[in-house]
Each structure stands twice: as C-alpha cells, then as structure tokens.
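The values are calculated or read from the model by the stated rules, or taken from the named source; none is laboratory data. Computed from a prediction, not measured in an experiment: that's the story for all the values here. Virtual Cβ from ideal backbone geometry, glycine too; neighbours counted across all protein chains shown. In case anyone asks, the SASA skips ligands and DNA or RNA and just uses the protein heavy atoms, side chains included. Shrake-Rupley method; radii C 1.70, N 1.55, O 1.52, S 1.80 Å.
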Amino acid sequence: MAGTVHIIGAGLAGLSAAPRPTAAGQRVVVHEATAFAGGRCRSYHDAAVGMTIDNGNHLLLSGNRAALGYLRSIGAAERLVGRAQAEFPFVDLKSGQRWTLRFNDGRLPFWVFDPSRRVPGTRVLDYVPLARLLWAPRGKAVGEVIACDGVLYRRLVEPLLLAALNIDPPLGAARLASAVIRETLAAGGRACRPLIAREGLGTTLIEPALEYLRLRGTVVRMEHQLRAIEFGGERVQTLDFGGDSVALGKDDSVILAVPPYAAASLVRGLEVPTEFRAIVNAHFRIDPPPDEPPIRGVLNGMVEWIFAFPGRLSVTISAGDRLIDTPREDLARKVWAEVASVTGLPETLPPWQIVRERRATFAATPQQDARRPGAAAAWRNLVLAGDWTDTGLPATIEGAIRSGNHAADLIANSA
Ligand SMILES: Cc1cc2nc3c(=O)[nH]c(=O)nc-3n(C[C@H](O)[C@H](O)[C@H](O)COP(=O)(O)OP(=O)(O)OC[C@H]3O[C@@H](n4cnc5c(N)ncnc54)[C@H](O)[C@@H]3O)c2cc1C
C-alpha cells in the first residue's frame, strides 16, 4: 500500500509500529501530544537529584522476544544489559534472611529440586499447585485458582505477580498470571534473565527508535495532539489536531496508540479498561555499594525492588495507590531507611526524588481484562495499539511492543 500511515502516540506501542511500514517504504508520520516520546517509559533530567532518571524502573526479561526484536530492529540490542544467569537475590526485612533464586537454563525446572537454588523454606511439592495457573480459565482471579498464602507464595509468587500485574495478586486476572508464568518460570532460566536499561530508558528504548525513524525520513511531530477523529462510512476520513487537520486518502491508515482513556474519547462506543493502578518509584543519588546486584527483591517491607544504576539507587513499589497521598518527604525517608538497612549505606537521606505514576497500568482484574478490545477496530483503516489492548499479557513493555507489531502487521496485510 502506498498510502501514509499516521501513528498517534509515540509511546512504545506507537514507536514499535513504525519500523515495519517505514522499512516497506511507506510514508509514516508519528503524532505525539506531549513534548517527549516514550509515554510511560521515559527518561528526563531531574533537578532534585541533578541527573537524568527514568520515570520508573523498568525490568525486562530475556524471554521478552518482541521487546528484544524491537531493540534489534532499531539497532539498540546491546543497550539492554543483564547477567549471564537467571538469578534474583532477595532479602527478607523481617527475618534478615538473604538468598538468591537461581533458575536453571532449560525448561525442566531442576532448580526446584535443589535447595540451594529454590526458595528457602519450600519443598518440591509446594511448587506443584502452580501448574494450575498455567491452565487458568478466562474470567477467574488468581485467588480463585491457587491458595495465596504459604512460604512459596510470599517469597516467589507474590513478588513475581505483583511486579508483572501491578495489582494485589489474588485480585489479578488468572489468565494474565498464566501468560506471565508460561513465558517466564515455565520457559526456564533462559527466558528469565533480568535485563535492565542501565544507561536509562530514553537512551535504550526511545532515542534509538527516533534516530532510526529520522534517518529514514519519518516525521515525528511532537506537541501534535489528536483532538478528534471524523469517521465516514467504514473509514476514518479526517484527523483533527485542533490547529490543523489531515484528510486521509483512500490508501491512508491510522494506528491509534494512545492510552485507553484517550482512545475512548476519540473513538465512539469503544470499550476500554477504566480502572488503573499506580506505581511509585523513589530515586536516590548515591553510589551503590560495589557488590550491589542490578536488581534485588525485598520482602516484608514497603520497598519491593531495589535497582542499582551508576550513581543511583532506585526503588519500585507496585500497586502503590495507598501511597499516592503520603507526603513525599515522609515517603522518601521511610523508603531510604529500608534501602540503607538492605545495602549497609549510611542512614542520612541522599538527594532524592519520588515519582508517582497514578495510571501506570490498567487494573489487571478479570473484569478490566475483559474490557480490552482487539487491535482491529470497526473502521477499515483504523487499528488500535497499546499495552491495554487485548494482547493476552499484562500492561508491560512486551505487551505494548507486541501490540505495535500486530498493528503494523494488520496495516500491511490490509494493503
Ligand atoms: C512507573 C512504571 C513502571 C513500569 N515498570 C515496568 C516494568 O518494569 N516492565 C514492563 O515491562 N513494563 C513496565 N511498565 C509498563 C510500561 O511502561 C507500559 O506498558 C508501556 O510503556 C506502555 O506503552 P504504550 O505505548 O502502550 O502507552 P504509553 O506509554 O502511555 O504511550 C501513549 C502515548 O500516546 C500519547 N498520546 C495520548 N493521547 C494522545 C493524543 N490525543 N494525540 C497524540 N498522542 C497522544 C501519550 O502522550 C503517550 O506518549 C511500567 C510503567 C510505569 C508507569
């Protein structure tokens, strides 16, 4: 198809939809409402800590095949770094116990049989009920499929699902938990190596994509918010950007890669997730101890994960809605007290920043999951993308990129 592809939204869904039509020689224009690309996955210079930080720590796993494919396609694969093995150090703040979970590479979970690799305090038989999650029916919550208690739950299942689904796990959609377990634990250690954008989300996932597009003549229009869509018959006819509008030719198409609330305001009758969960991140400007791992799980505290970056320690707290109204300095002090006790660093609060993303992800309940639309819309030249579309995954980078890839495929196949 020779027409122009208009991509609305320069988050990861929009950016990952762009390379395919660009490489096929189509004209592509990306329209982004704000002054920056990346959406919920971005870096910015923060005056309080005097350095560039990410809006939030983002963890990828080596099994995130679409995310890794995207990085390869924009020439940035080597910017994501991780250890050679799938290892997750943990500390329990209540008991003081420390251990490292070590998955073996292959699909057969030998690690479960090895007390030095599996979760301390668990037996092999404790892992068997997890298989029930693999075949969880649509519409059920995790708490209806497995018992959400016991040592294995507290030390492995809860931290894994809380991080992946961004919701108190018993309330989470079992089919999303199932997808996470199928693509991680059940796929073996080769799929579970933690990967981190050590130099920042911007330089890893966003700027290389913008550079890739720029070099190929793709226009990325910042501060160009789509205000309305005019539909006619089976097609989108006009994109209204307020100050200007674009009339679509018969071969032109639109990939709408905006968050669900924005999509619902632009497309009449579109059912989308309407509830969200927050993620709270605390960033501290301080050199991590030399032996601090890139990522560490923390149990029985407010802190859930500690990420170590050059000159900075950053903390993630998922489903952080309870902390949205906590005074920022109180939060920074409480979080730092835990970080100091885990790392052995001084208790004096270093320069800090708290970033609270209220609508970090849609609420991954069965009810909200059921409201996710597929990518194909009711209009022939309109396709939906975003982590909230029905990818079968929770709202993650991998889901956003798969949705972008899928949208690009639908456009290509409709030619
Ligand atoms: C703090 C935090 C931590 C996270 N941690 C992880 C993690 O560890 N691992 C992981 O895999 N995922 C994580 N995620 C989720 C991940 O960031 C998202 O799933 C992903 O970035 C969503 O991308 P998207 O393109 O679907 O949406 P968005 O990033 O929301 O992009 C949508 C874009 O559309 C633009 N837009 C909106 N309206 C308009 C309009 N009318 N016209 C033009 N443009 C418009 C927006 O400005 C935005 O740039 C985290 C998210 C947050 C917030």
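See the values below:
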item: Residue list for region 1-30, restricted to those being among the hydrophobic types (A, V, I, L, M, F, W, C) and more than 6 Å from the ligand (Cβ to nearest atom); result: 1, 2, 5, 7, 15, 17, 18, 23, 24, 28, 29, 30
item: Breaking point among (1) farther than 19 Å from residue 298 by Cβ; (2) open to solvent by less than 40 Å² (accessible area, probe 1.4 Å), for residue 165; result: (1)
item: Residue satisfying all of: in region 31-73; in a loop (DSSP other than H, G, I, E, B) and surrounded by fewer than 17 Cβ atoms within 10 Å (Cβ to Cβ); nearest to the ligand (Cβ to nearest atom) among these; result: 34
item: Qualifying position, being more than 22 Å from residue 166 (Cβ to Cβ), away from the ligand (no atom under 13 Å from the Cβ) and surrounded by fewer than 24 Cβ atoms within 10 Å (Cβ to Cβ), among 338, 329; result: 329
item: Residues located in region 401-415, provided they are open to solvent by 10 Å² or more (accessible area, probe 1.4 Å) and closer than 14 Å to residue 64 by Cα; result: 402, 405
item: Residue 91 in contact (Cβ under 8 Å) with a residue 60 or more places away in the chain, open to solvent by less than 50 Å² (accessible area, probe 1.4 Å) and of a type in the set (Val, Ile, Thr); result: yes
item: Matching residues in region 374-392 - criterion: being in contact with a strand residue (DSSP E or B) (Cβ under 6 Å, 6 or more places away or on another chain), modelled with pLDDT of 95 or more and either β-branched (Val, Ile, Thr) or away from the ligand (no atom under 16 Å from the Cβ) (or both); result: 381, 383
item: So residue 221, is it without any contact (Cβ under 8 Å) to a residue 40 or more places away in the chain, within 12 Å of the ligand (Cβ to nearest atom) and either within 30 Å of residue 25 (Cβ to Cβ) or in contact with a Phe, Trp or Tyr (Cβ under 9 Å, 6 or more places away or on another chain) (or both); result: no
